[in-house]
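This is the structure, below, for whatever I ask next.
The values are calculated or read from the model by the stated rules, or taken from the named source; none is laboratory data. Quantities reported herein were computed from a predicted structural model and do not represent experimental measurements. Cβ atoms come from the backbone with ideal geometry, glycine included; neighbour counts cover every protein chain shown.
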Amino acid sequence: MEIFPRSSGTFYLETMVPVSLRRSRRIRHGLAAMLLGFALAASGFEARAHAPDEAQPSSSSHAMPGMPAMHDAQHGTAPADRCTDLSLQCATVATPFFDARGVLWLAWAGNGAVSVASSKDGGRHFAVPVVIGQHGARLDAGAESHPQIVVNAHGQVVVAYGVFKDDDWNAQVLIARSPDGTRFTAPQSISRDAASQRFPVIAFDGTNRLFAAWIDKRTAAQARKRGTAQPGAAIAYAWSDDAGATMHGEAIAEDRTCECCRLDLAFDAAHRPVLLFRKIYGENERDHAVLAFDDRGMPGQTHRVALDRWHIDGCPHHGPALAISSDGVWHAAWFTAGEARQGLYYARSSDEGRTFSAPQAVGDTERQAGRPSLLARGASVWLAWKEFDGKRILARVRHSRDGGVTWSADRTIETAQGLADRPLLVADEQHVYLSWLTREHGYRLIELNP
């Protein structure tokens, strides 16, 4: 569980248990640790069904063989009563990916290990999982730290994730690869630098080159050697022409970024990578920015998404979501607790990120809307997020048919009690799905209908 502030006066845990704190603009790590210990002793969730006035999901669904249907079209796995093994049933976070053949790949973390399995029937059945690495308590597998998985047009699979190197949250990003997903290389460091790396994002471009970016602390380490305190971290990146076997061109794309918030990555219409991340402006003002790479694969200028003015000397532990439509519109969603606004927001850009529309509130702030996911297919845009109604966690979605200009009413697609990953959007050639892992229901892949 992780603490993040929703406003300057209240903290929330990843389990969404509120902890009151006197109003303060600066949050000290020692106090955050004390609050975390207090909240761990608090009681957990209580079960509750959908409220009568909540919108029910529009979805088509199948349950796993032997499992009851949750609504009438979900694919997935049953939850385990006692979760002590490395199976998907005992996982805490999971990341989906559809390859060009329509095969669903799933990378998950549970009980200190990272595993991968594939499904040829949309998640109804999975092949025998392959354990990529076992790291025990050193595995970086929090709400922001999903293992990343991508598959190129040749069927080569690449997985990236983080492992802590010490007790001070310094980590190392590891990468493993496979020619077909049945056997993987031993995980190896993605970087030659000894500084801390976390929160990797990876993707293949239109020419099957692998792009990787991550949060990197080398510039902060260099500043310490000079006797200078430098808050935050940097974004490092590298390319691979051989599906991750070797990485080249490793460099810093942007300095002064939040060290504890994941990035998001998308490719524009010209197959150039674009990153959305929480940048540090001035004295610890942590607002989101976009950075696009040029045709040579070099980072360009950053542009601020919104002037939220979230001044925080601490870790929000809350990353954004990014999607780019085929018509060139950029879509961004993020959480903030700034002076200008608080909650989950969405904005769009029609000029390659130089300017964004006025932020539009998403979800119910009182139910702590957060953990966004975005998916764009032409003018059709989906936005998913997580809420907590005081007893159950809700996976919520909204849909736009006009590129994010107008949106449908918000819908609850599924609810769960207890441990729940953030809901993720994923698509094959025909359909859009909500991927959600919870301890109550196991893994679910739910087809979404507008």
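When you look at ALA153, is it hydrophobic (A, V, I, L, M, F, W, C), modelled with pLDDT of 95 or more and more than 21 Å from the chain's Cα centre (by Cα), yes or no?
yes
Name the single residue that is surrounded by the fewest Cβ atoms within 10 Å (Cβ to Cβ) among those in region 144-160 being farther than 17 Å from TRP214 by Cβ and of a type in the set (Gly, Ala, Ser).
Checked region 144-160; the qualifying residue surrounded by the fewest Cβ atoms within 10 Å (Cβ to Cβ) is ALA153.
Which of the following residues is charged (D, E, K, R) and farther than 25 Å from VAL173 by Cα: ASP264, ASP295, ASP216?
Only one candidate passes the filter, namely ASP295.
For SER145, only one of the following conditions fails: (1) assigned to a strand (DSSP E or B); (2) within 21 Å of the chain's Cα centre (by Cα). What is its number?
(1)
Taking into account only those residues within region 321-341 that are touching a Lys or Arg at 6+ places or on another chain (Cβ under 7 Å) and not hydrophobic (A, V, I, L, M, F, W, C), which is nearest to LEU425 (Cα to Cα)?
The selected residue is HIS331.
Next up: Just one of the numbered conditions (1) within 30 Å of GLY249 (Cα to Cα); (2) modelled with pLDDT of 95 or more; (3) assigned to a loop (DSSP other than H, G, I, E, B); (4) under 22 Å from the mean Cα position of the chain (by Cα) is not true of HIS271; which one?
(2)
Also, I was wondering about something else. Listed residues ALA347, ALA427, ALA369; which is out of contact with any Phe, Trp or Tyr (no Cβ under 6 Å at 6 or more places or on another chain) and small (Gly, Ala, Ser)?
So the residue among ALA347, ALA427, ALA369 that is out of contact with any Phe, Trp or Tyr (no Cβ under 6 Å at 6 or more places or on another chain) and small (Gly, Ala, Ser) is ALA427.
Mind listing just one residue for me: the one in region 103-144 that is of a type in the set (Lys, Arg) and in contact with a Lys or Arg (Cβ under 9 Å, 6 or more places away or on another chain) and, of those, farthest from ARG444 (Cα to Cα)?
This residue is ARG138.
How many residues does region 301-325 hold that are assigned to a strand (DSSP E or B) and under 22 Å from PHE267 (Cα atoms)?
Counting residues in region 301-325 that are assigned to a strand (DSSP E or B) and under 22 Å from PHE267 (Cα atoms) gives 8.
Now for a separate question. Within region 288-314, can you find the residues that are touching an Asp or Glu at 6+ places or on another chain (Cβ under 7 Å) and farther than 19 Å from ARG348 by Cβ?
Correct list: PRO299, GLY300, ARG309, TRP310, HIS311.
Being touching a Phe, Trp or Tyr at 6+ places or on another chain (Cβ under 7 Å), under 21 Å from LEU263 (Cβ atoms), among the hydrophobic types (A, V, I, L, M, F, W, C) and in contact (Cβ under 8 Å) with a residue 24 or more places away in the chain: is that true of VAL151 here?
It is true that VAL151 is touching a Phe, Trp or Tyr at 6+ places or on another chain (Cβ under 7 Å), under 21 Å from LEU263 (Cβ atoms), among the hydrophobic types (A, V, I, L, M, F, W, C) and in contact (Cβ under 8 Å) with a residue 24 or more places away in the chain.
To continue, here is another question. Within the group ARG101, ARG82, which residue is among the basic types (Lys, Arg), out of contact with any Leu (no Cβ under 7 Å at 6 or more places or on another chain) and either modelled with pLDDT of 95 or more or not in a loop (DSSP other than H, G, I, E, B) (or both)?
Only one candidate qualifies: ARG101.
Sticking with this one: Considering region 273-315 alone, what residues qualify as being among the charged types (D, E, K, R) and surrounded by fewer than 21 Cβ atoms within 10 Å (Cβ to Cβ)?
Result: GLU283, GLU285, ASP294, ASP295, ARG296, ARG304, ARG309, ASP313.
Can you tell me which of (1) in contact (Cβ under 8 Å) with a residue 60 or more places away in the chain; (2) aliphatic (A, V, I, L, M); (3) crowded, with 17+ Cβ neighbours inside 10 Å is the one ALA395 doesn't meet?
So the condition that ALA395 fails would be (1).
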